[in-house]
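Student: Shown below is the structure under consideration.
The values are calculated or read from the model by the stated rules, or taken from the named source; none is laboratory data. Everything numeric in this text was worked out from a predicted model, so none of it was measured. Using ideal geometry, Cβ is built from the backbone for each residue, glycine included, and neighbour counts are taken over all protein chains shown.
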Amino acid sequence: MRYKFALHDFIVSRLSPPFSPATILKLVKMAKEKVSVVFDRRKKAEQAGVGYVEVQIYLSRSERKYICLGKCTPEELDVFLSQPPVKEEIKRCHDCISAMSLFRDSMTISNFDIYYQGIKDGNGIQECRNSNLKTDFVAYMKDYIEKEHVSEGTRKHKFCTLEAVKRFGKLKTFADLTSKNLVLFDTWLHDGTREDISIHTYHKHLKKITHYLRITDMIPTDPYTQVKFSRGKSKERRPLLEDELTKMRKLKLDEKTGNVRDLFIFSAYTGLAFCDVMAFDFETMTEHEGKLFYIDGSRLKTGTQFFTPILKPAMEVLKKYHFFAS
C-alpha cells in the first residue's frame, strides 16, 4: 500500500485492552457487510457493451456512497477486480468503515469522506500519502501506455493523446494535474483542427490515468472529478453508395494500396470493424447455410455476438487471398 501506514494498521495499534480479538473480528465483519462491489448499476452494459464498476458503501438506510473504479465488459469483470490498485481501493474503503466503527463516528457520507481522505484531527489519522508531485507525468504516461494490455490500434490512439499532452506543455509533472490545467488543455485542443469526438477521446485516455494515480494515492485528487467536458457532436457520416463501392473494387492499384482496399471491401460487405477483420479465421468462424457462408463470432471491443453473411464481393476477396477455395 502506498500509505506510510494503513488505516487498518492504525486501528490494530489502538486496540489495546479492553478491545479483544472478538471486537476486531466484529469490526472487520461490519466493514465487509457495508462495503461491496456493484457492476452496471445504471443498467447500460447491455446497450453500451461496458458498465461501470463501483464500490458501494452502505452507511445507513438513507445514505450510500459510490466510488467509481472504472468500466469494463461483463466478461472482463473478474480480471478487472483482480488488479492490485482496485483491490487496494476496496481495502481502503473497508479500513475507513472499520475506523469509523472503532471511534463511534456517525455513519454519514461526510464522515466517511474525512476518513477516506486520511485526515481525522484528534484521532491520530493523518495525511499519509507517499506521493511525489514532482514526478515526470509525460514519462509516466508513456510508460503506462506501453505496459497497458490493449490492442496495438488502441495503443496508437493513446500515443496520439500523449503527443498532444507533450505539445500542450503544461502537464509536465503530477503537480500540474489540476482542474485549471485540464480546462486550459481542453481550450488548447479546441483550435479548430480536431472534431469534438476526438477531443472527448483525448480526455477519456487522460482521465483513465489520473483516476489510476488517484486510487493508488500518487496524487491527492483526481482533477476530472472537479470538471466536466461535453462530449460534443460527431459529424454525420455519409455512407458510400453501391456504385461508388463498385468503382472502388474495379480500380487498378499497386499491391500495397490494393491490399488496403480489399480489407475495406471485406469490412464493408460483412459489417466487421477492422480489428474484427484482422481476427477473422475462415476455418473456425464460418458456417455454410444454403448458398452463403456466415461468420459466427463476437466483436473484440464489446463482446457482442454477431452472425453475418459473407456477400459475394467479400467472398471474392477471400478467394483472391486463398482464404477460401471454390
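Student: Being touching a residue at least 24 places away in the same chain (Cβ under 8 Å) and outside any helix (DSSP H, G or I): is that true of LYS208 here? Steps first, answer last, please.
Tutor: Working: touching a residue at least 24 places away in the same chain (Cβ under 8 Å): yes; outside any helix (DSSP H, G or I): no.
No.
Student: Does at least one position in the stretch 249-265 carry a residue that is touching a Pro at 6+ places or on another chain (Cβ under 7 Å), among the basic types (Lys, Arg), at negative phi and outside any loop (DSSP other than H, G, I, E, B)? Reasoning before the result, please.
Tutor: As a first pass, look at the stretch 249-265 and keep what is touching a Pro at 6+ places or on another chain (Cβ under 7 Å): 249, 265.
Now restrict to residues that are among the basic types (Lys, Arg): 249.
Retained after the next criterion (residues that are at negative phi): 249.
Now drop any that are not outside any loop (DSSP other than H, G, I, E, B), which leaves 249.
Yes: the stretch 249-265 contains one or more residues that are touching a Pro at 6+ places or on another chain (Cβ under 7 Å), among the basic types (Lys, Arg), at negative phi and outside any loop (DSSP other than H, G, I, E, B).
Student: Could you check GLU88 against (1) touching a strand residue (DSSP E or B) at 6+ places or on another chain (Cβ under 7 Å); (2) surrounded by 16 or more Cβ atoms within 10 Å (Cβ to Cβ); (3) at pLDDT 85 or above and say which number it fails?
Tutor: The failed condition is (1).
Student: Counting only residues that are over 14 Å from the mean Cα position of the chain (by Cα) and polar (S, T, N, Q), which one in the stretch 193-223 is modelled with the highest pLDDT?
Tutor: Step by step, filter the stretch 193-223, then rank; the result is SER198.
Student: I would also like to ask the following. Restricting the stretch 288-326 to residues that are under 35 Å from the mean Cα position of the chain (by Cα) and free of Cβ contacts under 8 Å to residues at least 12 places away in the same chain, which is surrounded by the fewest Cβ atoms within 10 Å (Cβ to Cβ)?
Tutor: The qualifying residue surrounded by the fewest Cβ atoms within 10 Å (Cβ to Cβ) is GLN305.
Student: Could you go through the stretch 220-243 and let me know if any residue there is out of contact with any Ser or Thr (no Cβ under 8 Å at 6 or more places or on another chain), surrounded by 14 or more Cβ atoms within 10 Å (Cβ to Cβ) and part of a helix (DSSP H, G or I).
Tutor: Looking through the stretch 220-243, none of the residues is out of contact with any Ser or Thr (no Cβ under 8 Å at 6 or more places or on another chain), surrounded by 14 or more Cβ atoms within 10 Å (Cβ to Cβ) and part of a helix (DSSP H, G or I).
Student: Determine whether the stretch 66-81 contains at least one residue that is over 30 Å from VAL150 (Cα atoms) and in the same structural domain as VAL37 (by TED's automatic domain parsing). Don't jump to the end; show me each part of the working.
Tutor: Just the residues of the stretch 66-81 that are over 30 Å from VAL150 (Cα atoms), to begin with: none.
There is no residue in the stretch 66-81 that is over 30 Å from VAL150 (Cα atoms) and in the same structural domain as VAL37 (by TED's automatic domain parsing).
Student: Inspect all residues belonging to the stretch 319-326 and state whether any of them is within 21 Å of LEU240 (Cβ to Cβ) and either β-branched (Val, Ile, Thr) or not in a helix (DSSP H, G or I) (or both). Break it down stepwise before answering.
Tutor: The first filter runs over the stretch 319-326 and keeps only residues within 21 Å of LEU240 (Cβ to Cβ), leaving 320.
Next, from what is left, pick out any that are either β-branched (Val, Ile, Thr) or not in a helix (DSSP H, G or I) (or both): none.
No, the stretch 319-326 contains no residue that is within 21 Å of LEU240 (Cβ to Cβ) and either β-branched (Val, Ile, Thr) or not in a helix (DSSP H, G or I) (or both).
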